[in-house]
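**Q** Have a look at the structure that comes next, please.
The values are calculated or read from the model by the stated rules, or taken from the named source; none is laboratory data. Computed from a prediction, not measured in an experiment: that's the story for all the values here. Methodologically, a virtual Cβ is constructed for each residue, glycine included, from the backbone with ideal geometry; neighbour enumeration extends over all protein chains shown. Ligands, DNA and RNA are stripped out before the accessible areas are found, and what is left, the full protein with its side chains, is counted by its heavy atoms. Shrake-Rupley method; radii C 1.70, N 1.55, O 1.52, S 1.80 Å.
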Amino acid sequence: MISPGFFLYKKINYIMNHPQYDTMKWNARLFITRFIKYVFFVLALSTISVFAFPQSSKEKLTLWYDQPATTWMTEALPIGNGYMGAMFFGGIEKEQIQFTEGSLWSGGPGAHEDYNYGNREGAWKYLDEVRKLLSESKFEEAHALAGKELKGITHKVKNGPSFGDYGAQVTMGDLFIHVNNVYGETKSYRRELDIQHSLAKVSYQQKDIQFRRTYFASYPDRLLVYRLESDKPVSYSIKYQSPHDEVKESFQENVYSFHGKLKDNGMEYEMRIKFDTDGETVFEDGKISIHNTKYVILYHTASTAYLPKYPDYKGNDFNKINDQIFEAIESKRYEEILQNHLNDYSNLFGRVSFDLGGKEQIGIPTDKRLVASYNGKSDLQLEQIYFQYNRYLMISSSRPGTMPMNLQGKWNHSTDPPWACDYHMNINQQMLYWPAEVTNLSECHLPLFDYMESLVEPGKISAKEHFNSRGWVVNTMNNAYGFTAPGWGLPWGYFPGGAAWLCQHLWEHYDFTRDQQFLAETAYPMMKEAALFWIDYLSEDEKGYLVSVPSYSPEHGGISRGASMDHQMAWDLLNNCVKACGILETDPDFKAMAMKTRDKILPPEIGSWGQLQEWKEDVDDPGNKHRHVSHLFALHPGNQISVENSPELAEAAKVSLNARGDEGTGWSLAWKVNFWARLKDGDRAYKLFKRLLKPVATQGTEMVNGGGTYPNLLCAHPPFQLDGNMGGSAGMAELLIQSHTEVIELLPALPSAWKNGIVTGLMARGGFEVDLEWKDGKLIEAHLKSKSGGNCTIKYQGKEKSFSMTGGEEVTVDVELLRQH
Ligand code: FUC
């Protein structure tokens, strides 16, 4: 039996999450009768929850500030509907809403006549020569030749972004909303993001006029919605500012449309805004003026001509899509659109509650809390917010049918952003999706798989031209236009293992959901093709092991006769292929080949100072603090090394990790949280986690140890990169639950700072939804729900219990050694 407290807590959480709860607050006019009825109901619940369950107060899941943002990167706040991302400043006289749509990319076909998806035709012909030089230990010559002949190609584009025809994800521009009247001193200013309901708000008072703005981003209606209200009539002037060429601009029947075109590749797009207001609307010189209004609502959307389809990547009928979006809301009221959004959002967000018993810090804005917490004031509630904020960010930037998250999710204000705001496959892209399954946002993982599918065809060409291998590859940097070749510089650019690493996500999605159809139709075909690459590319060394030659460990060290990470990723992929063949009862010959190859791969090795070797050559430098810790892939996110199954290797990983130190860029710190969690050292992981939450202001690039968190809680690489946020919450989950070794281990690395907690809805492999309650560092009980049925082994502090469950079955397990009822 589930304990009554735990049960009630869950129910209250459910109700507080329920969209209707919010509607009542926000749509009082429409639901007036229900409002009165429910007010009592909600008040009663809130009273109960405040006394009995203080953590369920919704105020606690809010980021808020007492001033408008002045800096896009560090202070503006993000909203997004998967397709589009916007950042709002909350300015008083001038509101700025910067936005983009994820498929708006410069570069690619049309940007330069010689764009060839990065491929250097016939590059593979130099492979033998490079291999020969390596076999003679002529590393410098081998690197020089590889640097000349094996790298990919980009072309300069006049007035184009830094990486030429590789292109970049680009901003669509900004909306500036001027409030034309100032009535006096501004009081009671508040700018907030309620992540429990995905609602942004700005409010302030001037004299006796209260100004209120509400923003939200709706996935089901594919809109960004901005509502501006004031107690007395005011006037606004609104202007869209675009960095792109104008094809056509119009304003008809209160709908503004801007049809634009990128300068380099001619990619077209249209952004539209429908205005609903009680005021008088005038359009002049590209500016929309609204006079004498108490409310104005902007329904904002944008679509591009981009299609994720090799070789042209164009042809999407963006006008038609926008027509459909607007037709669908023709007869809908604001309240209905809001309700649709709340339903959609709460369905995902409400699956997980994360409560560490943090106390409310009344009256302290989020930026100040971040500073205070770093300076030693315990603020567990801020950690709860951070965890849930990252889930909010994933829901806001990665939904079925959208582009996957890029380095900045969907939030980019530049036409030449850092690293092209692209898809980086040697850690960043994967880290972005680490929390997808474990934090119960499995659907948000799907855009990554769609993108992967779009890479297979060009990736096969790169595999042939650069590596003379079957299958498909991606390397370090990937754009929206099939750039799958090695990058245009070495060592950073040569990383054919990107596809193997991505395929781990296919397997994980299957393993967490046990969706066999997904495995058969989507995952396995891509996994098999990626595995073929390794079956061809690996070659036998003098001892008969299979090694990756030539290879580079991501972004540092020299050329190698075998970078350990390549071996570990190939092992992981082949191992998952073997499992998939078994489950699907398919491809016996391929399965045998995959197994044979897997078992001949050079295993992880321990080097001269007890470290896990990063390369086949025992050349690791104990003083090396490089941010990439790639040779620990087998520990995390892989499972070839674990404390339980290979303690010596786990110990060697610890030696390497200690040598690398506790500093790093944002994502590097986040990865270290996950590593220490897998090494079952919760306090060390927590130390790294606190370091990740270091308040940072740097906006330029810092490659060594500038990592931390901006006042808007976005991760500072620096500059802003979303991977650190996602890696951070994946690490937080990893401290509470691990399931990579076929058992579900509860509280495997609980930090002593997280003394008490109730966390519900985390997922474990095998399709189990897990709720946990602990007190004074000890598990009280766990509640499991099996989604698809199956065997399950639970572990807590060395003790195990196995049982079998049917689909939909729920069990509660208590600590008295996992006595099941
Ligand atoms: C890799 C990392 C950098 C940065 C970039 C986007 O190249 O080494 O630190 O995160 O990706």
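**Q** Net charge within 12 Å of Ser378 by Cβ-Cβ distance, Lys/Arg positive one each and Asp/Glu negative one each, not counting Ser378 itself?
**A** That works out to +3.
**Q** Now for a separate question. Solvent-accessible area of Lys694, probe 1.4 Å, all protein chains present, reported in Å² to the nearest ten, please.
**A** 70 Å²
**Q** By the scheme Lys and Arg +1, Asp and Glu -1, what is the net charge of all other residues having a beta-carbon under 15 Å from that of Gly152?
**A** Once positives and negatives cancel, what remains is -1.
**Q** May I pose another question? Determine the relative contact order of the chain: mean sequence separation of Cα pairs under 8 Å and six or more apart, normalised by residue count, in whole percent.
**A** After rounding, I find 12 percent.
**Q** Keeping the other protein chains in place, figure out the carbon and sulfur percent of the accessible area of segment 393-457, with a 1.4 Å probe.
**A** Here it works out to 51 percent.
**Q** While we're looking at this one, here's another question. Give the residue from Leu63, Gly358, Asn347 lying farthest towards the positive end of the charge dipole for the chain; charges sit on Cβ (+1 for Lys and Arg, -1 for Asp and Glu) and the dipole is referred to the Cα centre.
**A** Of the candidates, Gly358 comes out farthest on the positive side.
**Q** A further question follows. Compute the acute angle (0 to 90°) between the alpha-carbon long axis of helix 564-584 and the principal axis of greatest extent of the alpha-carbon atoms of the chain; round to the nearest 10°.
**A** The helix 564-584 is inclined about 80 degrees to the chain.
**Q** So, one more: Amide H to amide H, which residues 5 or more places from Gly708 or on other chains are under 5 Å from it, using H placed in the peptide plane?
**A** Gly666, Ala716
**Q** With contacts defined as alpha carbon pairs under 8 Å and 6 or more residues apart, what's the relative contact order of segment 458-530 in percent?
**A** Relative contact order for segment 458-530 comes out at 26 percent.
**Q** Per residue, how much accessible area does segment 684-745 have with a 1.4 Å probe, in Å²?
**A** For segment 684-745, the solvent-accessible area averages 23 Å² per residue.
**Q** Suppose every K and R has +1 on its Cβ and every D and E has -1 on its Cβ; what is the size of the dipole of segment 305-346 about the Cα centre, in Debye to the nearest 20?
**A** Computed charge dipole of segment 305-346: roughly 180 debye.
**Q** Which one of Asn478, His197, Gly638 is farthest out on the positive end of the charge dipole of the chain, using unit charges on Cβ (Lys, Arg +1; Asp, Glu -1) and the Cα centre as origin?
**A** His197
**Q** Hey, another quick one. How large is the dipole of segment 256-369 about the Cα centre if only Lys and Arg carry +1 and Asp and Glu carry -1, each at its Cβ, rounded to the nearest 20 debye?
**A** 420 debye
**Q** Working from Cα positions, state the angle (0 to 90°, nearest 10) between the long axis of helix 139-149 and the longest principal axis of the chain.
**A** Approximately 50 degrees, to the nearest 10.
**Q** Measure out, as a whole number of angstrom, how far apart the alpha-carbon centroids of segment 264-302 and segment 452-501 sit.
**A** If we compute the Cα centre of each part, the gap is 42 Å.
**Q** Order Tyr219, Tyr433 by their accessible area, 1.4 angstrom probe, all chains in place, largest first.
**A** Listed by decreasing accessible area, they come as Tyr219, Tyr433.
**Q** If the cut-off is 14 Å between C-alpha atoms, which aspartates and glutamates fall inside it for Lys232, apart from same-chain ones fewer than 8 positions away?
**A** Asp208, Asp278
**Q** Turning to a different aspect of this structure: Taking 8 Å as the Cα distance limit and 6 or more residues as the minimum spacing, I'd like the relative contact order of segment 238-371 as a percentage.
**A** 15 percent
**Q** So for each of 474-486, 754-766 I average, over its residues, the number of other beta carbons within 10 Å; can you give me the resulting order with the highest mean first?
**A** 474-486, 754-766
**Q** Please give me the summed charge of the neighbours of Asn705: other residues whose Cβ is under 13 Å from its Cβ, Lys and Arg +1, Asp and Glu -1.
**A** Neighbourhood net charge equals +3.
**Q** Something else now. Cross-link list Lys528/Lys600; Lys616/Lys654; Lys596/Lys795; Lys625/Lys690; Lys156/Lys248: which exceed 25 angstrom alpha carbon to alpha carbon?
**A** Over 25 Å Cα-Cα: Lys596/Lys795; Lys156/Lys248.
**Q** Further, regarding this structure: Suppose we keep just the alpha-carbon trace of the chain; what are its Rg and Dmax in angstrom?
**A** Considering the chain through its Cα atoms, Rg and Dmax are 26.7, 84 Å.
**Q** Here's something else I'd like to know. Measure nothing but the geometry: give the 0 to 90° angle between the long axis through the Cα atoms of 318-328 and the longest principal axis through the Cα atoms of the chain, rounded to 10°.
**A** Long axis of 318-328 versus the principal axis of the chain: about 50 degrees.
**Q** Another question, then. Counting only helical runs of four or more DSSP H residues, what would the 222 nm mean residue ellipticity of the chain come to if each run contributes -39,500 (n - 2.57) and the total is spread over all its residues?
**A** -10500 deg cm²/dmol
**Q** Once you charge only the Cβ atoms, +1 for Lys and Arg and -1 for Asp and Glu, what is the size of the charge dipole of segment 323-472 about its Cα centre, to the nearest 20 debye?
**A** Approximately 480 debye in magnitude.
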